[in-house]
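Presented below is the structure to which this report refers.
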Amino acid sequence: MKNKSIGDYLRRFSVPLMFVIICLICAPISGLSPNYLINEIVTRIGRNAFLILSLLIPIMAGMGLNFSMTLGAMAGEIGLILVSDWQIVGIPGMILAMIVSIPISTLLGLFCGKVLNMAKGREMITSYIISFFINGIYQLVVLYLMGPVIPIVHSTIKLPRGYGIRNTVSLLSMRQHLDNLIPLNIMGVKIPVATFIVIFLLCLVIIWFRKTKLGQDMRAVGQDMDVSRDAGIDVERTRIISMILSTVFAGIGMIIYLQNMGNIATYSSHSQIGMFCIAALLVGGASVDKASIGNVFLGIILFHTMFIVAPKAGTVITGDSMIGEYFRVFVSYAVITVALIMYETNKRKNKSKAGMQLALDQEQEEANG
Amino acid sequence: MDKSKKRRLIYRIAAFVVILLIAAAMFIIGRGHTVYFDNKMPENVGTEVSVPYKIEVIVADKTVAKLKSGERGMADTMGQNFKMQLLVTKEKGGDAARLQVGLKLPYNMDGIIINLPALLAGLDENAYLSEFVYVPSAEEMKEEEVVTDDTDGQMNFEG
Amino acid sequence: MNEQKLTLKDLIKSKAQEFGLPRLIITGFLLLLLVLSPIVGADLPTQISNIINRFSWNGILVLAMVPMIHSGCGLNFGLPLGIISGLLGATLSIEFGFEGPVSFIMAALLATPFALVLGSVYGWLLNKIKGGEMMIATYVGFSSVSMMCMMWLLLPYHSPNMVWGMAGKGLRTTISLEGYYTQALASFLQINIGNLTIPTGALLFFALLAFGMWAFLHTKTGTAMTAVGSNPDFARSAGINVDKIRMISVVMSTWLAAIGILVYEQGFGFVQLYMAPFYMALPAVSAILIGGATVNKASIMNVVIGTILFQGIVTMTPTVMNNMIHLDMSEVIRIIVSNGMILYALTRKTEGTR
């Protein structure tokens, strides 16, 4: 693992490099002004960083990319829906929504952790299916229970038929309240200072957490479950805690995300959030088993530059606006696919390197056959 | 060992209580209201009051409404202590009188109508303050199709 | 299975265990729906022909799961790749101007080379990443679907029945198969008894492929496939070329998916492009799991039972619930049941594949 050559570095940074190239080609073609681009990217850092940071802890615990971060997103949405119905507005509304979301996220994270403990070795596909499964439960709650069981008063939120939540819930009363709490404008670039402070605090928490006993245990579990178990670490509990933390942070992150957007798409806001956050993290040079705070920010900048620039560039090149849209979706998926493939091949390579002669023979045999 | 467990329990309970207190505080300070200002003759009051030619309503250093006689304006506010400045012009071309008004809003009302002439005349609360009941338009009450399609969100991600 | 003397009680218990609690619940639920439907005023024969019809549409897509499960590649979440091959065949067949039932045969023939090529690449990739198949399969499917989204716009199709009228290029999101192969199989030897309609041709076609699969699994290659799936190390030491067998299974699965989508289209009457194939793997996966398959074990019986149960619930719940309580919760129930079933299968301890 330790003998890093130039080739290893190239491989490690191949995805960010590719994105730098895509952005450099597309940005001039798109014809967007640098000022606009910088403004957009700063906004998007504020909007997404918290969500993406929530992915770091499960990676530390060796549970791979947490596709079930959508669970937290759903909890955050439920918090916001309730708070809007109670007519609690502004920053207090956000704080209350976070407080409401935390118990829900904790429960969902607990469920998720327990299920993932039963599916060791295939955490990612399982967490991916969990997100679909819980989406069903979410729809059950939001579409049928809100109204008759969970009281919802306002007709702007409730569907006219008397139960269920409308397709979009307006968050006008807290739209960008956090972003504009401490207004700052540098050369035409609006900087959401308060949001950045919150994100910075989470970064500090993550750095501190790594040094705690629990954080150390988590890293040990991520390295090798059996060894950690022998060392007296409660592996199952540690993994569950990592899922709970990730889900809770994702819930808070979703609230920050939605306050910037200004409305909730009740049935679709959360569904893609996991995919895009994971893609952004991977673009920043993270892998399935290794991710840092630096990856998060580099990832947001590169991924979102591509996201803004690609449709415009696509329209200019092909004359069809849809091409660029499809292109960026394709790139998002392709990035995740490539990252997963690299992770699995590296895992195999390391295994065979460390393995016995038998394993080496098998590799050779496979290569020949 | 037992002692540290006990201490941990105490910490947890304390944290829980603190969070509950924060939540309660948020409920109180974060309650949003929409305040509507009417510059017209109050109904069902009995006494006649004079309706000024024009009233400017200033909330938090921002002019939210300039109301000629018979008009209505609105402002969103947070919490129950509502402060506003009124610039009252009695007659056309006359001088504007500035006055500071502080009101206590009832917690359970989303929308509140304040009849400014009645307020200025110094009538009691149920004369100038009434609830605004939101009546959704026919457009809003039209049944909407709920879209829960899995593939729907693929393309319109705002990032 | 050990040769032990079992009492009747044990036998029932073990049978029930083998059948699995979730499946028991789902079967019970479907039976309940069937009993309820005449009571709440839904026409039973219509309901049953609906189920049979939906079975005939979806059966082959579910059957496509079998080879990869057998060879230990797990559940084929990469089904959209095969579906895309089928869509290429379908659109090319229309583009070349074939009409009527012939267009179905041509679509199948044209889809085959795509399925073989894409399947081989896919199989090669899955051989590189043994152990992480399912997650990567999912994302191979997603990438290929979004890749094809661009292609449907860019490829030089011209048939006026398929391209956008205004622009004159770029395929439409849904293409009607009227005049092409709609009901091409279903109308063959179709039986009509009152409200009961049986699409004999489509069922026969499914039976043919299912029989083919069954027969294949009993050939030398087929048994080798099962051996690879249950214990790859043992299979390797027995002289079986594991990678080659896995490759064959992936290609078969991809080809079946291509044919499966064509059969689906002939029943449904439309070709759906762009994002439509995106999540098509999930219903097929959960159907075979509901039928009693596990991550590394599946039989033709699992396919048949699973498809009937899954499609039964999907078609019956809306009508029964709507008639009963005027509340259509079928969509939510479908999501919870199908994904819950996949979760259940993923969390069960299985040896061999991970």
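What is the helix-to-structure angle for B:2-29, meaning the angle in degrees between its Cα long axis and the longest Cα principal axis of chain B, kept from 0 to 90 and rounded to the nearest 10?
20
Please enumerate, by chain and number, the lysines with C-alpha under 26 Å from the C-alpha of residue B:3, excluding those fewer than 8 residues away in the same chain.
Answer for residue B:3, where 26 Å is the Cα cut-off: A:211, A:213, listed by chain and number.
So if R0 is 45 Å, what FRET efficiency would residue B:20 and residue B:125 give, r being the distance between their Cβ atoms, rounded to the nearest 0.05?
Values: r = 32 Å, r/R0 = 0.72.
Once rounded, the FRET efficiency stands at 0.90.
Strictly over 22 Å apart at the Cα level, which of C:9/C:297; A:351/C:128; C:220/C:297; A:290/A:353; A:351/C:297; A:120/C:220 would you flag in this model? Walk me through the numbers on the way to the answer.
On the way: C:9/C:297 26 Å; A:351/C:128 13 Å; C:220/C:297 18 Å; A:290/A:353 20 Å; A:351/C:297 27 Å; A:120/C:220 34 Å.
Over 22 Å Cα-Cα: C:9/C:297; A:351/C:297; A:120/C:220.
Using amide H atoms built in the peptide plane, which far-off residues or other-chain residues are under 5 Å from residue B:96 H to H?
Hits under the 5 Å cutoff: none.
Output the DSSP H helices from chain C with an along-axis C-alpha extent of no less than 18 Å and a mean Kyte-Doolittle hydropathy no less than 0.5.
Working: long enough: C:21-39 (27 Å, 2.17); C:44-63 (27 Å, 0.64); C:79-95 (24 Å, 1.51); C:100-128 (42 Å, 1.32); C:133-154 (31 Å, 1.35); C:200-217 (25 Å, 2.05); C:242-268 (38 Å, 1.05); C:300-325 (37 Å, 1.32); C:330-347 (25 Å, 1.23).
The qualifying helices are C:21-39, C:44-63, C:79-95, C:100-128, C:133-154, C:200-217, C:242-268, C:300-325, C:330-347.
Collect residues whose amide H, placed 1.01 Å from N in the peptide plane, falls under 5 Å from the amide H of residue C:197; neighbours closer than 5 in sequence don't count.
Long-range HN contacts for residue C:197: C:49.
With a ≥ b ≥ c taken as the square roots of the eigenvalues of the C-alpha gyration tensor of the stretch A:1-52, please select rounded if a/c is under 1.5 and otherwise prolate if a/b is larger than b/c or oblate if it is not? Could the numbers behind the result be given before it?
Numbers: a/c = 4.50, a/b = 1.65, b/c = 2.73.
Verdict is oblate for the stretch A:1-52.
Arranged by the count of other C-beta atoms within 10 angstrom, fewest first, what order do B:133, C:337 take?
Details: B:133 9, C:337 22.
Ascending number of Cβ neighbours within 10 Å: B:133, C:337.
Once the dipole of the protein assembly as shown is set up with Lys and Arg at +1 and Asp and Glu at -1 on Cβ about the Cα centre, which of A:203, C:88, B:126 lies farthest towards its positive end?
A:203
In terms of modelled amide H atoms, which long-range or inter-chain residues lie less than 5 Å from the amide H of residue B:113?
The list, which skips near neighbours in sequence, is B:36, B:130, B:131, B:132.
Cut-off 18 Å, label point 7 angstrom out along Cα-to-Cβ of residue B:60: give me the residues of the stretch A:142-181 whose amide nitrogen falls inside.
Residues passing the 18 Å test: A:171-181.
Rounding to the nearest 10 and keeping the result within 0 to 90°, find how far the Cα-based axis of helix A:321-354 lies from the longest principal axis of chain A.
Once rounded, one gets 40 degrees.
When a/c reaches 1.5 or more, the comparison of a/b and b/c decides; with that in mind, is chain C rounded, prolate or oblate per its Cα gyration tensor? Mind showing how you got there, number by number?
Working: a/c = 1.78, a/b = 1.11, b/c = 1.61.
It is oblate, given that a/c is not under 1.5 and a/b is not larger than b/c.
So if we plug the beta-carbon distance of residue B:8 and residue A:229 into 1/(1 + (r/R0)^6) with R0 = 35 Å, what FRET efficiency do we get, rounded to 0.05?
Result of the calculation: an efficiency of 0.90.
Most exposed first by the Cβ proxy, i.e. fewest other Cβ within 10 Å, how do B:17, C:163 rank? Present the calculation step by step, with values, prior to reporting the outcome.
Details: B:17 10, C:163 19.
So the ranking, lowest neighbour count to highest, is B:17, C:163.
In the neighborhood of residue C:94, defined by Cβ-to-Cβ distances under 13 Å, what is the net charge if each Lys or Arg adds +1 and each Asp or Glu adds -1?
On the way: positive: C:172; negative: C:95, C:99, C:178, C:265.
Once all neighbours under 13 Å are counted, the net charge is -3.
Quick check on chain B: helices-only [θ] at 222 nm, where DSSP H runs of length 4 and up contribute -39,500 (n - 2.57) each and the sum goes over total residues. Nearest 500, please. Don't skip to the answer; put the middle values down first.
Numbers: 4 runs with 41 residues, N = 159.
Computed ellipticity for chain B at 222 nm equals -7500 deg cm²/dmol.
Given +1 on the Cβ of Lys and Arg, -1 on the Cβ of Asp and Glu, and no further charges, what dipole in debye does chain A carry about its Cα centre, rounded to the nearest 20?
Numbers: 29 positive and 20 negative charges, 86 e Å.
Charge dipole of chain A: 420 debye, to the nearest 20.
Determine which residues of the stretch A:131-158 fall in the zone a paramagnetic label at residue C:25 would reach in this model, i.e. backbone nitrogen under 18 Å from the point 7 Å along Cα→Cβ.
Taking a point 7 Å out along Cα→Cβ of residue C:25, the residues of the stretch A:131-158 whose backbone N falls under 18 Å are A:131-141.
Where in the stretch C:271-308 does the label zone of residue C:154 land, with the point 7 angstrom along Cα→C-beta and an amide N cut-off under 20 Å?
C:273-278
Which distance in nm do the two modelled labels at residue A:180 and residue C:96 give, with both placed 7 Å along the Cα-to-Cβ direction?
Result: 6.2 nm between the two label points.
How do C:327, B:116 line up, fewest other C-beta atoms within 10 Å first? Don't skip to the answer; put the middle values down first.
Details: C:327 11, B:116 26.
Least crowded to most crowded, the residues run C:327, B:116.
I want to check the label-to-label distance for residue B:135 and residue C:46. Put each point 7 Å from Cα in the C-beta direction and report it in nm to one decimal.
Roughly 4.1 nm, to one decimal.
What angle do you read, to the nearest 10 degrees and between 0 and 90, between the alpha-carbon axis of helix A:90-118 and the longest principal axis of chain A?
30
Compute a Gaussian network model of chain B, connecting alpha carbons closer than 10 Å, and tell me which residue from B:56, B:145, B:48 fluctuates the most.
Maximum among the listed residues: B:145.
Which of A:76, A:31, A:253 ends up with the largest GNM mean-square fluctuation for chain A, with Cα atoms connected below 10 Å?
In this elastic network of chain A, the residue with the biggest mean-square fluctuation among A:76, A:31, A:253 is A:31.
Please give the net charge around residue A:252, taking every other residue with its beta carbon less than 14 angstrom from that of residue A:252, where Lys and Arg add +1 and Asp and Glu add -1.
Working: positive: A:47; negative: A:77.
Overall, the nearby charge balance is 0.
What FRET efficiency comes out for residue A:353 versus residue A:208 if R0 is 45 angstrom and r is the Cβ-Cβ distance? Round to the nearest 0.05.
Details: r = 35 Å, r/R0 = 0.77.
The pair residue A:353/residue A:208 has a calculated efficiency of 0.85.
Which value, in debye to the nearest 20, gives the size of the charge dipole of chain C about its Cα centre, when Lys and Arg are +1 and Asp and Glu are -1 at the Cβ?
On the way: 19 positive and 14 negative charges, 195 e Å.
The dipole magnitude comes to about 940 debye.
Run through every distinct alpha carbon pair of the stretch B:1-146 and return the Kirkwood hydrodynamic radius in angstroms, one decimal place.
Working: mean 1/r = 0.0546 Å⁻¹.
Result for the stretch B:1-146, one decimal place: 18.3 Å.
With label points built 7 Å along Cα→Cβ from the Cα atoms of residue A:14 and residue B:50, find their separation and express it in nm.
Reported label-point gap for residue A:14 and residue B:50 is 8.5 nm.
Can you give the charge dipole size of the protein assembly as shown about its Cα centre, rounded to the nearest 20 debye, using +1 on the beta carbon of Lys and Arg and -1 on the beta carbon of Asp and Glu? Before the final figure, lay out each step's value.
Numbers: 67 positive and 57 negative charges, 578 e Å.
So the dipole magnitude of the protein assembly as shown works out to roughly 2780 debye.
Any idea what % of Cα-Cα pairs in the stretch A:147-240 are farther than 16 Å?
Values: 3209 of 4371 pairs.
Value for the stretch A:147-240: 73 percent of Cα pairs lie more than 16 Å apart.
Read the figures in this text as sums done on the coordinates, not as results from a lab. As the structure is a prediction and not an experimental result, all values here were calculated from the model. Heads up, the Cβs are rebuilt from the backbone with ideal geometry, glycines too, and the neighbour counts pull from every protein chain shown.
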